There are 2 protein chains.
Amino acid sequence: MSRYEFRSPRLFLDAALVAGARVPLNRDQSNYLGNVLRLSSGAPVLAFNGRDGEWRAVLAGRKRPEELEVAEQTRPQDRLPDLTYAFAPLKHARLDYMAQKAVEMGAGRLQPVLTRHTQVHRLNTERMRANVIEAAEQCGILSLAGVEEPVALERWLETRAESGRLLVFCDEDAEVADPVAALQGARPAAAQGIDLLVGPEGGFAADERDVLLRQPNILRLALGPRIMRADTAAVAALALVQAVAGDWTGQ
Amino acid sequence: MSRYEFRSPRLFLDAALVAGARVPLNRDQSNYLGNVLRLSSGAPVLAFNGRDGEWRAVLAGRKRPEELEVAEQTRPQDRLPDLTYAFAPLKHARLDYMAQKAVEMGAGRLQPVLTRHTQVHRLNTERMRANVIEAAEQCGILSLAGVEEPVALERWLETRAESGRLLVFCDEDAEVADPVAALQGARPAAAQGIDLLVGPEGGFAADERDVLLRQPNILRLALGPRIMRADTAAVAALALVQAVAGDWTGQ
């Protein structure tokens, strides 16, 4: 038995969800449910809004689905760990992919950080939000990761310096050393929250690395002896952080 | 300083590499180096064959690159961990992507396993090998992961049953429980090698799960409270296995 029901389509709605509510569908939703999925009145769907948990609902409408009739709650609202995934933006499809992956891994916040070797300097954060929603709809996730506006690396480091949060810096130049032991040792600092930073494909510039290594509460993490593409490193690093200090521990 | 040189193109060659060797380029390689990268005679490249380490070489040829002149070894041959990544094949681009990711994570062998809910039953293993080579070329990897022919789940379980290898079964229905502690506890069994199994998008059928849970040396691994797509689960599970029992431990 799976932890949630897979068969019904899942829909993110920006509206209050409560038993008996009738929520109008916008044109895109109506078109998707009616013309792509070929659903009509009475078909069951699951709805969530990131605040009120997940609800069973049925479609209503004369010809095509026009609204949802909200029935009963299927799962209570959860909370994401206080884990920010900070990253140098990638190009196009790989950025979409990276945002979706970070959501699946349970990041609480996506923070684009601009570095010297960042390939992309203008960023469509609305598109990133759409990717967050799509991944949440597909993967049964109830809480939407926040999407922050891009900020320069130095500026980001200044804003977080006094926060007491652990900075996990994935550094491809770090000596290979037991990453699990390193994360376990940093768990006290992680209690204030974790910022996980993955650099651009070209790596950090030498002076950027110097600034990073002077930050308080920093953990320089080596992800094994091989170089990975940035989107791979994102998933690998999030897996280790979640498994040692996040909500994968079962505690 | 990075662990290897990034600027020169890296080329997989199926030929012996030794100082002074002259290795002819095939038409695709010649075209790629000459017309796409616009390199000409004298340009440096790095070459590897999966056996003899990495070598610095220079291009030679009258008009376009026709052969490589092998100069000196830049890195000795390494070995991949005895880690098989077994997976239900995905469709098209996501299968390419998954093969590339498994290589970046350092899997030693890719084993397609056909299950009840596998979406894809015929598989182009030549294409998978090309993806292995491409990922190795791009990411500075010296040892090529092996690509096995697809096999039915039950048949695969029979062939490996007496091997003494640890079977890490990523089961989305397992109770969420500390995956690092579970892997640490299984390290003695992992000494014989590790087979890591990630299921299809639709999950395993109930009877397949029953058969799996009766296997010797099995570790049923939960990857946190969220459901992930199969390619995401692959990277996450490989990260945990490599960090606890593979070659990311720095030992």
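The values are calculated or read from the model by the stated rules, or taken from the named source; none is laboratory data. Predicted model only: the values in this text are computed from it and were never measured. All Cβ positions, glycine included, derive from the backbone under ideal geometry; neighbour counts span all protein chains shown.
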Q.
Regarding the range B:16-31, can at least one residue be identified that is modelled with pLDDT under 95 and either in contact with a helix residue (DSSP H, G or I) (Cβ under 6 Å, 6 or more places away or on another chain) or of a type in the set (D, E, K, R) (or both)?
A. yes
Within the range A:61-103, the residues that are closer than 16 Å to A:L17 by Cα and part of a strand (DSSP E or B) are A:E67, A:L68, A:E69, A:V70, A:A71, A:E72, A:Q73, A:T74, A:R75
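Yes/no per residue for (1) over 24 Å from A:E208 (Cβ atoms); (2) hydroxyl-bearing (S, T, Y); (3) more than 13 Å from chain B (Cβ to nearest Cβ); (4) more than 24 Å from the chain's Cα centre (by Cα):
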residue	(1), (2), (3), (4)
A:N49	yes, no, yes, no
A:G53	yes, no, yes, no
A:G61	yes, no, yes, yes
A:T74	yes, yes, yes, no
A:E104	yes, no, no, no
Consider B:F12 carefully, then state whether it is within 14 Å of chain A (Cβ to nearest Cβ) and in contact (Cβ under 8 Å) with a residue 60 or more places away in the chain.
no
- Query: Looking at the range A:42-59, is at least one residue assigned to a strand (DSSP E or B), of a type outside the set (K, R) and in contact with a helix residue (DSSP H, G or I) (Cβ under 6 Å, 6 or more places away or on another chain)?
  - Reply: no
Scanning the range A:179-207 for residues that are under 23 Å from A:P150 (Cβ atoms), within 14 Å of chain B (Cβ to nearest Cβ) and surrounded by 13 or more Cβ atoms within 10 Å (Cβ to Cβ) gives A:L196, A:V198, A:G199, A:P200, A:E201, A:G202, A:G203, A:F204, A:A205
Checking A:V176, A:V151 in turn, the sole residue that is within 14 Å of chain B (Cβ to nearest Cβ), aliphatic (A, V, I, L, M) and free of Cβ contacts under 8 Å to residues at least 60 places away in the same chain turns out to be A:V176
Can you confirm whether the range A:83-95 contains a residue that is among the charged types (D, E, K, R) and at pLDDT 95 or above? no
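Looking at the range A:73-85, can you tell me whether even one residue there is touching a residue at least 12 places away in the same chain (Cβ under 8 Å) and on the phi > 0 side of the Ramachandran plot?
no
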task = Determine if the range A:148-167 includes at least one residue that is within 22 Å of B:R226 (Cα to Cα) and either buried (at least 21 other Cβ atoms within 10 Å of the Cβ) or assigned by the TED database to the domain that holds A:L223 (or both).
result = no
How many residues of the range B:191-228 are touching a Pro at 6+ places or on another chain (Cβ under 9 Å) and more than 18 Å from B:A243 (Cα to Cα)? The answer is 1
Of A:Q138, A:Q119, the only residue that is in contact (Cβ under 8 Å) with a residue 24 or more places away in the chain and more than 14 Å from every other protein chain (Cβ to nearest Cβ) is A:Q119
Over the range A:219-251, the set of residues more than 8 Å from chain B (Cβ to nearest Cβ) and surrounded by fewer than 19 Cβ atoms within 10 Å (Cβ to Cβ) is A:R220
**Asked** Does any residue of the range B:77-94 turn out to be farther than 30 Å from B:G164 by Cβ and under 15 Å from the mean Cα position of the chain (by Cα)?
**Response** yes
Exactly one of B:E158, B:E162 is assigned to a loop (DSSP other than H, G, I, E, B), more than 14 Å from chain A (Cβ to nearest Cβ) and farther than 21 Å from A:V103 by Cβ, and that residue is B:E162
